[in-house]
Amino acid sequence: MTLEALIRKRGPIKKIGVVGMGYVGIPAAVLFADSPEFDFVYGFQRDSSSSGYKIEMLNRGESPLKGEEPGLEELLKKVVAAEKFLCTSDFSKIGELDAVTLSIQTPFLNKEDLLPDFSALKEGIRQAGRYLSPGMLVVLESTVTPGTTVTFARELLEKESGLKAGADFALAHAPERVMVGRLLRNIREHDRIVGGIDTVSTRRATELYSPVLTIGKVIPMSATAAEVTKTTENTFRDLQIAAINELALYCEAMGVNVYDVRTGIDSLKGEGITRAMLWPGAGVGGHCLTKDTYHLERGVQVLGKDLLDYPKGEPSLYVLARHINDFMPTHMFHLTLDALKRAGRSVQGAKVAILGWAFLSNSDDTRNTPAEPYRDNLIQAGAIADVHDPYVKEDSGVPILQNLDDVMKGADAIVIFAGHHQYKNLDPDYIRTLSGKTHPVIIDGRNMIDPDLFIKHGFVYKGIGRGDKNMHKILGKV
Ligand code: SAJ
């Protein structure tokens, strides 16, 4: 019997499983459960010491996710009360389902070799394979290296189940586009890329996702194209940020204000001639942009091996963009050294107040924060680095202070790393008094302050992209 016939025999999707109760899986599961098209949803969660607690929590209608997620907990309570959702560690229940999605994170093993750790995802795929039955649909939602779905995911499912993908079961990749703080909204309103290993799989996966979309629509394509889309949408954002970061470095060297240039270029409006001018800054952190470029690169190395035609000896533009963005914290360190020198102080023994540890403004998310390599450089150079962040209490052993005055007291340098709104209206006079220095240093990594205001109060100022101000006259004697 063909896959199409198996699916027809099974009828419309009614019972769904979501493997991985995290930022991706939980909103997906409650939205499936809330849809009148579907009868029941299992949320699968390993009963491990680190995250087994989620099972009871979810079945009480409580969300284990940190931070504000509008509508999520109400929806969870609703589907639990309606007995349309149940979280379990019993993976054998997968055998009763029509479709199962895998939303398991794929972090990097370590920052050096940037190889993803697919072990948790492989375990989830094995579990799905173990209980797979003919006519079922399997969907990978995790961000994976292009080629994963049609190679190791397919092979693992076939090995565990003894069934054949595309013949006995449908297989697709439908990458998540979640953003913390908008989990439900993003699933409902963003278009959904749905890529099957064949058209029957794409069609079956479209049947799964259409009911949860409100404004968004399904964009069908092949599984590998879906993997390339997801990794590239972040690669391109990283590239655009690198482009304006490089411009900022050029403007500093040429004595120009990068924000004037940005405004000038951005004025070029009209059909198809606009420029994607993003914002220069102290660096790029987070979970997406710091890794998806390397997923894409590995994809083309594996899938496109010996087939890629590319300028001889030239580095990948995308990896170069990563290196430029990763250079920004180093540039912030260089600006700090220059400014301390101008203020007649050495970095050795200098007290530096780092304002903002989160990788994103007005957020508590610290994943891959660019402030970390900056702080490491400072400590290596013998400085004392104190960190302030109003949203972050602590992070992997780095003490984070909540009181801004404590951090700035006696500081030789104040360095703005995150664009938290608390740093928008810093008072130069108050800070100079707090610092106790005649010429305190201030480095602006996120265009938060007015340079002239601080220069007027005797500060030694440096700002990303502010070639027009970075060599200003120091007012009052050094
Ligand atoms: N950043 C800049 N300049 C900019 C924009 C960002 O330096 O113009 C820095 C931020 O400070 C941060 C990093 O880049 O350190 C990442 O910022 P982000 O706004 O891209 O935030 P992310 O990492 O949460 O990216 C997510 C991604 N969404 C998904 O993966 C579903 C990304 O694809 C989205 O484009 C992005 O949110 C978004 O647009 O908000």
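The values are calculated or read from the model by the stated rules, or taken from the named source; none is laboratory data. What you are looking at is a predicted structure, and each value in this text was computed from that prediction instead of being measured. Using ideal geometry, Cβ is built from the backbone for each residue, glycine included, and neighbour counts are taken over all protein chains shown. We work out accessible area using only protein heavy atoms, side chains counted, and drop any ligands, DNA or RNA first. Shrake-Rupley method; radii C 1.70, N 1.55, O 1.52, S 1.80 Å.
Starting at 0 and stepping by 10 Å, how many percent of the alpha carbon pairs of the chain end up in each bin?
Percent of pairs per bin, in order: 4, 18, 25, 21, 16, 10, 4, 1, 0.
Could you calculate the FRET efficiency of Thr151 with Met179 from 1/(1 + (r/R0)^6), where r is the beta carbon distance between them and R0 is 35 Å, rounded to 0.05?
Here the calculated transfer efficiency is 0.75.
Are any of the pairs Lys291/Lys312; Lys84/Lys159; Lys424/Lys462; Lys93/Lys393 more than 28 Å apart by Cα-Cα distance, and if so, which?
Violating the 28 Å Cα-Cα cut-off are Lys84/Lys159; Lys93/Lys393.
Classify the stretch 244-356: rounded, prolate or oblate, from the alpha-carbon gyration tensor (a ≥ b ≥ c, eigenvalue square roots; a/c under 1.5 rounded; otherwise prolate if a/b is larger than b/c)?
Since a/c reaches 1.5 but b/c is at least a/b, the shape of the stretch 244-356 is classed as oblate.
The stretch 227-314: which trypsin sites (Lys or Arg not before Pro) are DSSP loop and have at most 14 other beta-carbon atoms within 10 angstrom?
Listed in order of number, the matching sites are Lys269, Arg275, Lys305, Lys312.
Given a 1.4 Å probe and heavy atoms of the protein chains only, how would you sort Lys54, Lys409, largest accessible area at the top?
Ranked from most to least accessible, the order is Lys409, Lys54.
Using only protein heavy atoms and a 1.4 Å probe, report how much of Ser210 is accessible, in Å² to the nearest 10.
Spelled out: Ser210, probe radius 1.4 Å, area about 50 Å².
Considering only the stretch 3-216, what is the antiparallel percent among its DSSP beta bridges, to the nearest 5?
Looking only at bridges with both residues in the stretch 3-216, the antiparallel portion is about 10 percent.
At 1.4 Å probe size, with the rest of the protein present, what percent of the exposed accessible area of the chain is carbon and sulfur atoms?
In the chain, the share of accessible area belonging to carbon and sulfur is 55 percent.
Which trypsin sites (Lys or Arg not before Pro) in the stretch 75-160 sit in a loop by DSSP (not H, G, I, E or B) and have at most 11 other Cβ atoms within 10 Å of their own Cβ?
Counting only loop positions with at most 11 other Cβ atoms within 10 Å, the trypsin sites (Lys or Arg not before Pro) in the stretch 75-160 are Lys111.
Can you list the lysines whose alpha carbon sits under 23 Å from that of Lys217, skipping same-chain ones fewer than 8 residues off?
Within the straight-line limit of under 23 Å, Lys217 reaches these lysines: Lys14, Lys15, Lys230.
Rounded to the nearest whole Å², what accessible area per residue is found for the stretch 3-216 with the 1.4 Å probe?
40
So, in Å, what gap is there between the alpha-carbon centers of the stretch 419-465 and the stretch 191-234?
48
What nm value, rounded to one decimal, do you get for the distance between Ile273 and Leu320 when each label is placed 7 Å out toward the C-beta?
According to this spin-label approximation, the distance is 2.7 nm.
Using alpha-carbon pairs under 8 Å, 6+ residues apart, how would you state the relative contact order of the chain in percent?
Computed over the chain, the figure is 11 percent.
Please give the length that would be gained between Asn403 and Asp429 if that part of the chain were fully extended, namely 0.36 nm times their separation in residues minus their C-alpha to C-alpha distance (nm, one decimal).
Taking 0.36 nm per residue and subtracting the Cα distance, the gain is 7.6 nm.
With a cut-off of 8 Å between alpha carbons and a minimum separation of six or more residues, what is the relative contact order of the stretch 106-181 in percent?
Result for the stretch 106-181 is 33 percent.
Treat each spin label as a single point 7 Å out from the Cα along the C-beta direction, and report the Ile379 to His421 distance in nm.
Taking the simple label geometry, Ile379 and His421 are separated by 3.2 nm.
Give me the one-decimal nm value for the distance between modelled label points at Ser361 and Ser92, 7 Å along each residue's Cα-to-Cβ direction.
Between Ser361 and Ser92, the simple spin-label model gives 5.5 nm.
Compute the signed sum of charges (Lys and Arg +1, Asp and Glu -1) over the other residues within less than 11 Å, Cβ to Cβ, of Leu434.
Charge balance in the 11 Å sphere: -1.
How high is the relative contact order of the stretch 224-303, in percent, counting Cα pairs under 8 Å that sit 6 or more residues apart?
Relative contact order for the stretch 224-303 comes out at 47 percent.
Using a 1.4 angstrom probe with every protein chain in place, what is the largest-first accessible-area order of Lys469, Lys14?
The ranking, largest first, comes out as Lys14, Lys469.
With every protein chain kept in place and ligands, DNA and RNA left out, what is the accessible area per residue of the stretch 226-478? Probe 1.4 Å, answer in Å².
Here the residues of the stretch 226-478 average 46 Å² of exposed surface.
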